[in-house]
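Some notes on the structure that comes next.
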Amino acid sequence: MIYASLFTTLMLAAFALRRSNLTLFVTSLIFLIGFDVRAILFASTPERLSGFSAKIHSLSETTYDFVVFDLIVFKLILAAALLLIPPASRAHTPDRLSNYSNLGRALIPSICAIGFALSWIGFFAILSSIFGSIDHAVDILQRRALIFGSDVFFARTLNYVAGAFAILFCAMARKNLVNNANLWLAIAIIAIHSSLIFLTGSRGAAIIHLAAGLYALGIIDSKKMLTFKNLVTGLFGSLLAYFALLAGLSLRISAQTQESLASVFERTWAAGPDIVFGSFSFFELYAGAKHFAHVTGHTLGENFIALIYRPIPRSMWPEKPDLLGIEIREFYYGDRISGAPPTFVGEFYVAFGVFGVIIAAAIYACLVSAVERARNRENVYLKACGALMAFMLPVEFMKSGLEIGLFIFMYFAAVWIGTSLLIRALSTQHLDGARYQRF
């Protein structure tokens, strides 16, 4: 059955290339690496599994073929739904909501640059006040130690705020709202941001934000996917991501064990393929969510209702129900020191069983379509949104589900909406008799 799953993944990739659908193409890559290849390793080399993957493999109740079958159903429904949805238009449609005066357009890059700088300054200031020094705070974050507390949580949200400003700045640089000399500033901003995210322990977020920023800058061709520039960019990006995953894990192990970084990196480099593929263990995560639902029963959507009251601090509501990922972690390990992401498909399976897989595919198709429409608009805010979600939807949403991905996106959206409203308030409609100019 795994070969049928591989076939459907390849067909999904071919469909994405034909439609120049970047979001769907990245999704097909995630399915290839995170589900299909992991399924093959799961079945053929169990001795190389570790951690959560090994625990899932030891469960006699976990039916391998049923898990693969669910994933095939998801991909087939996804493809069918996208066939029914008209492809996103690439026409240069006028943007009537983004007409600003010269003053307004001049303020946008300054607000983004200042907002970016203040977000990172605030992040390190909060961590320094909590842990005594920035060095100690970075060391704690690199260990990936789970720290409960509203102060740390708020500090982490500033990372997303900084990312929103950085990606928006890149989108404006591409639209020539920033002068050509400052294109290098946009590259510097996204490079600095991704590096700081990486050094504070978020390898996946660093890769996603960097990819989104480079796309917003036009490094990735958005008109045709099979171009020489995209092939070179994709190859370089894959090598960079490979190195980043190994280097990030080495930093974490070194911080945890106090062993020299050079010796740790030498070991991780030798085991590179196993480590990289292990970082995309989506197959095991979904299998774990499926087994969890079989034992505890389906929630009939109750896990989605929990999303409504998630913003309420636990300090105000100590008995607030846990997220699904925490419940799954506690089910398998008996502790709450981290979460076990259910995956996007797993969230809906836990709620509604196989019927939930069909619902998940239909919803995901709508999300892919919405992202592609935003990606092809002239509005810089929608362009920034499309650039981020083209990578965040297939990676963060697919792995962690709505319970994590949705709230991360909300921080980005809040910054972009707030910036738009601020510029609209500060902008004068006819400064020096000039007419509105459209992006």
- [ ] Excluding residues on the same chain fewer than 8 positions from K224, give the lysines whose Cα lies under 29 Å from its Cα.
- [x] K75, K175, K383, K399
Open item on the list: Within 13 Å, Cβ to Cβ, of L196, how many net charges do the neighbouring residues add up to if Lys/Arg are +1 and Asp/Glu are -1?
Closed with: +2
- [ ] For D274 paired with R18, estimate the spin-label separation in nm (one decimal), with each label point 7 Å from Cα along the Cα-to-Cβ line.
- [x] 4.1
Task: Packing-based exposure ordering (other Cβ within 10 Å, fewest first) of E302, E330, E284 - done: E302, E330, E284
Task: FRET efficiency for K224 and L183, using Cβ-Cβ distance with R0 set to 22 Å, rounded to 0.05 - done: 0.45
Task: Label point distance in nm, R267-D65, each placed 7 Å from Cα along Cα→Cβ - done: 4.1
Task: Sorted by Cβ neighbour density within 10 Å, fewest at the top, the residues C112, C170 - done: C112, C170
TODO: Report the full-extension gain for the segment I114 to T45: residue separation times 0.36 nm, less the Cα-Cα distance, to one decimal in nm.
DONE: 19.8 nm
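Any read-out appearing in this document is the output of simple, stated calculations on the displayed coordinates, not a laboratory observation. Here the structure is a predicted model, which is why all the values come from computation and not from measurement. Note: ideal-geometry Cβ built from the backbone for every residue, glycine included; neighbour counts use all protein chains shown.
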